[in-house]
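Worksheet for the structure shown next.
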Amino acid sequence: MRYRHVFAWTLAAAAALAAAPPAAPAERTNCPRLSGSWYGDNRARLQRVIDERGTCAGHLGGHPVAALDWDNTVTKNDVTDATLGWALRHDKILRPANWKATSKWLTDAAEAALTAACGTDVPVGAPLPTATNTRCTDEILEIRAEGNTMSGTAAFSGDWNHRRTVPQYAWVPQLFAGHTIAELTSYARRARAEALAAPVGSTRTLGTHTVPAYVRYYDQQRDLIRTLQRAGFDVYIVSAGSEPVTEVWSRGVGIDARHTVAIRSVLDRHGRITTWNQGCGGVPVSRGEVIPYIDGKRCWINQEIYGVPGAAAWQRQDRRHRPAIAGGDADTDVTFVGDATGAHLVLNRNKNELMCRAYDDADGRWVINPMFIDPLPHRPDPYPCSTSAYSAPDGSKGPLRREDGSVVPDQQDTVH
């Protein structure tokens, strides 16, 4: 009898529930919203990931991670180059005892060109007069930008892993050897103020080089970072620039030094920058062999954010130890952006490997957006994905492959 009464009550309760109007869905709270103008449905796609992974879903566990490149991803134009340009105009580069000491890969031709252009009259360790010596400025800028001397000869040679470093990127922090972090920070602050005040589109001449005079934070990226943080994400910047310089700029979007990862110079016992930098993934302190560059960005994310030790930091981790959202603009970002589990945000700067991955859209989560300021026009030729988009560790070019080994076909440029 007892079970029969329970059964009867259950039937009655079920009938009452069936007759009752459907309950209104619980209202979602704590769901920060993106704003601003994005291409197509990109804002909605990013919002979906933010809602699914963040506070809107009521997750009480660990904070999801978002990782963004800096230069030309969060800002328009390169902030390390802006700081270098400011330093050259204000005589802040100190003369090295030997130019080859600034980089283990600098060629004899580059050393000779720099010595001839910059001279030997200034004592070692004293400021070079680059504001007036335009030949010296020219050589430094050409080596930084093109990896060549002004005469067109290679400035770097030797062996390096082309997916872990590039000598001219590592060279910029090395040029500031002899300065303290505080000094470099002060240069970056003054360069920042100047670049933000310069009109959009303005340029200046350094030596015979024409370079951008302005930098701007992208409003959409500033809003994305703020929304992610309000939604409970830990937002990190991962850059192949100089870390003290990047920190100056990242503070402007509410990201502190602990969440800013870039090239970390080793200091001497007097607290001055050296030509050595910290290592990653089991690679010790070196003269530029491992920086946050292509696969190096994955390594630094795994090591610094997720605490993955040793050589394992070079490997793709399980989903719990990868960013939910990652964003970049260049081939230097392709590995860590591809590691994201929710959205791979790409700003289109016509970079072969990154755009091949993005347009192939193997997992349906690639979000392509034109640059928010002065976007590039349509690229008429397809990206050479099937032949030369992949950069191998030895520097050779080859076809880009998917995880299953199949070759990515050439891709048309459709988002511009």
Query raised in the report: Within the group R264, R258, which residue is within 15 Å of the chain's Cα centre (by Cα) and of a type in the set (D, E, K, R)?
Result: R264
Query raised in the report: Could you say whether any residue in region 26-40 is outside any helix (DSSP H, G or I), exposed (fewer than 12 other Cβ atoms within 10 Å of the Cβ) and at pLDDT 95 or above?
Result: yes
Report task. Give the residues of region 95-113 that are closer than 17 Å to L141 by Cβ, hydrophobic (A, V, I, L, M, F, W, C) and in contact with a strand residue (DSSP E or B) (Cβ under 8 Å, 6 or more places away or on another chain), sorted by residue number. Result -> W99, L106, A109, A110
Query - Filter result for K100 (over 23 Å from the mean Cα position of the chain (by Cα) and in a loop (DSSP other than H, G, I, E, B)) - result: no
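Yes/no per residue for (1) within 23 Å of V245 (Cα to Cα); (2) touching a residue at least 60 places away in the same chain (Cβ under 8 Å); (3) not aliphatic (A, V, I, L, M):
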residue	(1), (2), (3)
S265	yes, yes, yes
G271	yes, yes, yes
Q278	yes, no, yes
P309	no, no, yes
H344	no, no, yes
Query raised in the report: So how many residues does region 66-93 have that are out of contact with any Pro (no Cβ under 7 Å at 6 or more places or on another chain) and not in a loop (DSSP other than H, G, I, E, B)?
Result: 15
**Report entry** Subset of region 185-202 (residues that are part of a loop (DSSP other than H, G, I, E, B) and surrounded by fewer than 16 Cβ atoms within 10 Å (Cβ to Cβ))
**Finding:** P199, V200, G201, S202
Report task. Could you tell me whether any residue of region 95-109 is modelled with pLDDT of 95 or more, under 18 Å from E183 (Cβ atoms) and of a type in the set (A, V, I, L, M, F, W, C)? Result -> no
Query - region 375-393: number of residues that are among the aliphatic types (A, V, I, L, M), exposed (fewer than 14 other Cβ atoms within 10 Å of the Cβ) and under 16 Å from D329 (Cα atoms) - result: 1
Requested in this report: Would you please list the contacts, defined by Cβ atoms under 7 Å and residues six or more apart or on different chains, that run from a residue in region 319-332 that is modelled with pLDDT of 95 or more to a residue that is acidic (D, E)?
Outcome: R322/D339; P323/D339; A326/D339; G327/D69; G328/D69; D329/D69; D331/E353
Query - Condition check for A155: in contact with a Pro (Cβ under 7 Å, 6 or more places away or on another chain) and either closer than 30 Å to H270 by Cα or surrounded by 17 or more Cβ atoms within 10 Å (Cβ to Cβ) (or both) - result: no
Query raised in the report: Inside region 73-96, can you point out the residues that are open to solvent by less than 20 Å² (accessible area, probe 1.4 Å) and not aromatic (F, W, Y)?
Result: T73, V74, T75, K76, V79, T80, T83, L84, G85, A87, L88, I93
Query raised in the report: Going by the structure shown, is T120 open to solvent by less than 10 Å² (accessible area, probe 1.4 Å), at pLDDT 95 or above and not in a strand (DSSP E or B)?
Result: no
Query raised in the report: Mind checking which residues of region 203-257 are among the hydrophobic types (A, V, I, L, M, F, W, C), open to solvent by 20 Å² or more (accessible area, probe 1.4 Å) and outside any helix (DSSP H, G or I)?
Result: V211
Report task. For region 365-374, indicate whether the set of residues that are open to solvent by less than 40 Å² (accessible area, probe 1.4 Å) and either of a type in the set (G, A, S) or touching a Gly at 6+ places or on another chain (Cβ under 6 Å) (or both) is non-empty. Result -> no
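The values are calculated or read from the model by the stated rules, or taken from the named source; none is laboratory data. Only a predicted model underlies this, so the values are computations on that prediction, with no experimental measurement involved. Using ideal geometry, Cβ is built from the backbone for each residue, glycine included, and neighbour counts are taken over all protein chains shown. Only protein heavy atoms, including side chains, enter the accessible area calculation; ligands, DNA and RNA are left aside. Shrake-Rupley method; radii C 1.70, N 1.55, O 1.52, S 1.80 Å.
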